[in-house]
Amino acid sequence: MKPEELLQQLQHHPDFLKLTLAHPDFLPFASYQLENGTQIQIWDTGVIYCLPKQFGTQDIVLSSGVHGNETAPVELCSELLNDVLAEKLLLKERVLFLFGNPPAINAGVREIQDNLNRLFSGHHSKEPGVQSAERERAKKLETYVLKFFDEAPQGLRERKLYDLHTAIRGSRFEKFAVYPFLHGENWSKTQFEFLKACGANTVLLMQTPASTFSYFAAQSCKAHGFTIELGKVRPFGQNDMSRFTQAASALRALISGGELYTTEFNEADFNLYEVRRSINKATEAFTLHFADNIENFTTFDVGTLLASDEGVEYKVEVEGEAIIFPNPKVAIGQRAMLMVKPVSVAGKVS
Ligand SMILES: [Zn+2]
């Protein structure tokens with residue numbers, strides 16, 4: 001597809017997700033200006049940069065579809081973006097919209113070959129000779145995000161990356177955020193307040209580096225980066241979008257200078273967890289010993305057998321230990337489940 005053709009189609013029918021899914025592997029660079037003065041630049045398939053004529057001090061990346069079957073965030077972001085393109089929504093900040101894995105979105109699967117959210121911070125190139133579309137994509141997404149932040153005007157600016165997901169199973173707390181490891185720096189009060197405005201007052205605080213997009217944003221870009229889980233995975237057309245209204249309104253307000261309904265940070269309003277241990281799948285014998293409908297953040301009695309692998313049993317070790325992200329289908333050597341426990345951030349927020 002030629003750039004002129006791309007622009008003609010987009011201007012005729014301002015639906016960038018549709019164009020992305022029709023061309024999941026490549027779109028050429030193209031740019032144009034909306035009548036309201038907003039500059040639009042297409043950087044790649046699923047990657048579109050919006051620069052309003054007048055903008056504030058935030059540089060905001062909104063990412064969805066890093067896992068292809070997590071459709072609600074894709075629909076939510078597409079709606080925001082289409083309103084920008086159709087000039088129904090006037091941006092007040094620089095925004096980069098990313099649809100992470102278009103081929104996987106088309107196929108309705110989490111990934112084609114590799115879990116894209118395990119390939120950032122250089123993990124895409126850690127096994128020389130191993131190639132996949134997801135490894136290539138992770139490398140490119142890193143480049144686009146760095147370029148977006150680097151090209152911001154000089155001065156005191158706030159960098160943000162919200163990577164929106166839905167989880168494989170239900171959750172005791174429907175919406176929750178993963179706050180990447182900050183290497184000992186304080187957690188941000190204003191970010192907790194924003195997460196709560198999105199309806200995500202459950203936050204998992206990580207204590208180790210990770211290969212996720214949000215850790216890359218936090219560590220390599222010095223951005224406020226978050227993985228935000230908005231609910232449960234469902235196919236396109238089967239999402240009850242009313243369950244996402246609060247998050248959609250908060251994100252819309254964030255990028256367009258609207259009112260954010262935040263309240264001052266008070267730890268009592270939150271369910272805060274930290275990771276106690278990470279359980280990896282060592283062999284094909286890895287099995288979970290609880291039902292598929294057991295929700296994230298469920299707790300069990302001490303001593304309950306949760307999972308087993310060749311020659312090893314994983315049991316609940318302490319009171320309050322809860323499961324999160326159990327997935328026996330991960331590749332050998334990858335994380336199959338996290339065990340978390342409640343934690344306080346007193347003295348560690350600012
Ligand atoms: Zn996901």
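General remarks:
- Tally, over segment 201-229, of residues that are under 13 Å from the mean Cα position of the chain (by Cα) and open to solvent by less than 30 Å² (accessible area, probe 1.4 Å): 13
- Residues in segment 147-183 that are within 13 Å of the ligand (Cβ to nearest atom), at pLDDT below 95 and not hydroxyl-bearing (Ser, Thr, Tyr): 3 in all.
- The condition of being surrounded by 14 or more Cβ atoms within 10 Å (Cβ to Cβ), of a type in the set (A, V, I, L, M) and at pLDDT below 95 does not hold for Ile255.
- Test: Thr263 is assigned to a loop (DSSP other than H, G, I, E, B) and free of Cβ contacts under 8 Å to residues at least 60 places away in the same chain: no
- Test: residue in segment 266-278 that is open to solvent by 50 Å² or more (accessible area, probe 1.4 Å), of a type in the set (D, E, K, R) and in a loop (DSSP other than H, G, I, E, B): no
- For segment 45-74, filtering for residues that are open to solvent by 10 Å² or more (accessible area, probe 1.4 Å), more than 16 Å from the ligand (Cβ to nearest atom) and touching a residue at least 24 places away in the same chain (Cβ under 8 Å) leaves 7.
- Some residue of segment 173-187 being farther than 30 Å from Asn266 by Cα, β-branched (Val, Ile, Thr) and open to solvent by 10 Å² or more (accessible area, probe 1.4 Å): no
- Residue match in segment 97-115 (condition: away from the ligand (no atom under 16 Å from the Cβ) and closer than 26 Å to Glu259 by Cβ): yes
- Subset tally (residues that are open to solvent by 50 Å² or more (accessible area, probe 1.4 Å) and either under 15 Å from Ser171 (Cα atoms) or not small (Gly, Ala, Ser) (or both)) for segment 301-311: 4
- Scope segment 1-21; condition open to solvent by 70 Å² or more (accessible area, probe 1.4 Å) and assigned to a helix (DSSP H, G or I); matching residues: Glu4, Glu5, Gln8, Gln9, Gln11, His12, Lys18
- Within segment 22-44, the set of residues being open to solvent by 10 Å² or more (accessible area, probe 1.4 Å) and of a type in the set (Ser, Thr, Tyr) comprises Ser31, Tyr32.
- Residue pairs whose Cβ atoms lie under 6 Å apart, sitting 6 or more positions apart in sequence or on different chains, and linking a residue in segment 152-181 that is farther than 26 Å from Glu93 by Cβ to a partner that is assigned to a strand (DSSP E or B) and away from the ligand (no atom under 15 Å from the Cβ), are Phe173/Thr202; Phe173/Asn271.
- Test: residue in segment 119-131 that is in contact with a strand residue (DSSP E or B) (Cβ under 7 Å, 6 or more places away or on another chain), within 16 Å of the ligand (Cβ to nearest atom) and closer than 28 Å to Ile105 by Cα: no
- Flag if Ile323 is closer than 27 Å to Glu111 by Cβ and at pLDDT 95 or above: yes
The values are calculated or read from the model by the stated rules, or taken from the named source; none is laboratory data. Only a predicted model underlies this, so the values are computations on that prediction, with no experimental measurement involved. Because the Cβ atoms are built from the backbone with ideal geometry, glycine has one as well, and the counts that use them run over all protein chains shown. Please note that ligands, DNA and RNA were not included when accessible areas were found on the heavy atoms of the full protein model with its side chains. Shrake-Rupley method; radii C 1.70, N 1.55, O 1.52, S 1.80 Å.
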